[in-house]
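S.K.: Right, I'll just put the structure down here and ask away after.
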């Protein structure tokens, strides 16, 4: 501090004694300008005195720079009242470089005052007495932070004009936000609670600024001051959110700040404010992951049970929405954090996994509807593939949550039912992929504790994918063992025998090894032992294919089992009473998605249904019956200049007079046909009248309708126009 005073005094002497431009004077001005950029340096009386003693002409300092230096010096000289006034001043956005310098000095004054108990009291008293309408120091800082985040979002939004980023100004924005964060971190103690609205605004602003810091870290040079300020601000963002999510912070009576912050961040994952939505989602998810407390079984201090009892149960819908937007890797990580945090209190892991399987089934239902474009169908297939990958990541033996996932499926009826329904939908839709085959192989080996219905679904799906050549014989043996352990009464006979017939038909023309032949022999042996006649009658496969299969089995099986095969062959018959089987090709779910810009644009466009003529017998609304005009006045040939009765322009009270004509109450109109060459409908609305123009062509004639409805018939006409619009 003493060195700063001596330096400032020497700079003042050099500048004031420099009548002619000298190197020492120019250098002194540069040093003073750089020194004034640090807000805490401007708070020193010597620096303020040196700035206020500057007089034109100057060698290095421009007139604009001099006015800015004098402004910050006056604020520092006036102290707390001037700082509060500057913070409460409503300024335009985006903020200028001068305004940010003034704000930083004002914040430095507040930090100095808040360092003591007397200073805190003076600060709150000054805010309260400021013209009797101060929102309070916390709300004031939150409003400033919201403005800063809006300015930063404008710089890091998706490029629209190609303009370069003003790095010095962005650096000042980050520095100002950093200082507000540190001041809020000092104020947000249990003794200074925030209301729910302010905490939500603060959370959104912090999340946006944090996302901007990551983009600045990517775009700017790592050695630039703008990049370093962004890195420091990003860490302060995380620290502030973790502090506000503590167990002692209450935003509303009986409402934890952690709940409001957690729900707000989850909701804000879909609002990127013009920035890259995918990148924004990942950055907000990083902040969510950071505020979730770690559970340490060896440390009882800071027990995060309040998350399981008070935070997570109130954020289920937000968790579900955010979870669907994450990729498989982030889904697995997020689920792991929530399971560790829950510790089985509300079983949130089981609920999330159930909802994910329901989402998979909904996707498969949308694919089965076939009412979608090829691009949208490909996107749905990729979404289903990602869901399968997520489930596979959980049940893989190498996963730390493999045992938890298997136990959860066994112990949770809803989860087991959702998995069964999804597997049946995959089987019915003839979907296949390497991920699905790997998932089924893991489920088959772990199915001992599953209920019978789920075992049957796994069995059918396993038999379906086992027709592929890359399906291992060991998994095939596990399927057969599962088949033997399921009671025959619990099996769905027709689907099972069809799948077995498909397997036999698929393996008939192949070269079989000894392991596969032994597995197929076990299948034939199981069929021959069933009391139900349908199992001994093989569908799908023809007699020729079955003979080929038996010949292949004789070649690959040892001679000791040839008699067994001959005996089994005599017990089985071929179902020749049905039509020849036509195989349905499998649909391979994609492991990646690649779309052109045109396809993405078409994918985002809303679908438009084609118009259609009402079917015969449908009661159509009598639209033209409410038009009060002579019957031939509204129907005229296209291009004719002669009109009688109703026209577009009215004077005096012509329309009300036309209502008195007896023929005006006749209805000779009907809805125009949609099979014409063209059909145009234009509507113009006003407070007093509504004008409609219909034009259509049919059989070579062009017809037009001009309809004018006065104000006293607007309500009645709208009732009839609504079904007309739906029909058109």
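Rule-based calculations on the coordinates, nothing more; no lab input. None of these values were measured; they are calculated from a predicted model. A quick note on method: Cβ atoms are made from the backbone with ideal geometry, for glycine too, and the neighbour counts reach across all protein chains shown.
S.K.: Figure the gain on full extension for residue 602 and residue 556 (residue separation times 0.36 nm, minus the Cα-Cα span) and round it to one decimal in nm.
M.R.: Between residue 602 and residue 556, full extension yields 11.1 nm more.
S.K.: What relative contact order, as a whole-number percentage, does segment 347-491 give when Cα pairs under 8 Å and 6 or more residues apart are counted?
M.R.: The value is 23 percent.
S.K.: Can you grab the distance from the C-alpha centre of segment 199-259 to the C-alpha centre of segment 382-459, Å, no decimals?
M.R.: 39 Å
S.K.: Would you please give the FRET efficiency between residue 63 and residue 218, computed as 1/(1 + (r/R0)^6) with r the Cβ-Cβ distance and R0 = 51 Å, to the nearest 0.05?
M.R.: 0.85
S.K.: Ranking request for peptides 411-424, 83-96: highest mean number of other beta-carbon atoms within 10 Å first, then the rest in descending order.
M.R.: So the peptides 411-424, 83-96, ranked by packing, come out 411-424, 83-96.
S.K.: Here's another thing I want to ask about it. If you rank 576, 29 by fewest surrounding Cβ atoms within 10 Å, what's the result?
M.R.: Starting with the residue having the fewest Cβ neighbours, the order is 576, 29.
S.K.: For segment 71-228, what class follows from the C-alpha gyration tensor (a ≥ b ≥ c being the square roots of its eigenvalues): rounded when a/c is under 1.5, otherwise prolate if a/b is larger than b/c, else oblate?
M.R.: Judged from the Cα gyration tensor, segment 71-228 comes out prolate (a/c at least 1.5, a/b above b/c).
S.K.: Within a 10 angstrom radius of the beta carbon, how do 588, 379, 203 rank from fewest other beta carbons to most?
M.R.: With the sparsest Cβ surroundings first, the list reads 588, 379, 203.
S.K.: Fully extended, how many nm does the chain gain between residue 130 and residue 531 (0.36 nm per residue separation, minus their Cα-Cα distance)?
M.R.: So the chain would gain 135.1 nm between residue 130 and residue 531.
S.K.: Another question about this same structure. Only counting other Cβ atoms within 10 Å, I'd like 181, 546, 27 sorted with the fewest neighbours first.
M.R.: 27, 546, 181
S.K.: Further, regarding this structure: Does segment 361-411 come out rounded, prolate or oblate, given a ≥ b ≥ c as the square roots of the eigenvalues of its C-alpha gyration tensor, rounded meaning a/c under 1.5 and, failing that, prolate meaning a/b above b/c?
M.R.: Here segment 361-411 falls in the oblate category.
S.K.: What FRET efficiency comes out for residue 254 versus residue 77 if R0 is 35 angstrom and r is the Cβ-Cβ distance? Round to the nearest 0.05.
M.R.: 0.15
S.K.: Taking the simple approach of a point 7 Å from Cα along Cα-to-Cβ for both residue 595 and residue 34, what is their distance in nm?
M.R.: Each label point is offset 7 Å from its Cα along the Cβ direction, giving 5.3 nm.
S.K.: Fully extended, how many nm does the chain gain between residue 396 and residue 324 (0.36 nm per residue separation, minus their Cα-Cα distance)?
M.R.: Extra length from residue 396 to residue 324 when fully extended: 23.8 nm.
S.K.: With a point put 7 Å past each Cα toward its Cβ, work out how far residue 93 is from residue 407 in nm, to one decimal.
M.R.: For residue 93 paired with residue 407, the spin-label model returns 4.9 nm.
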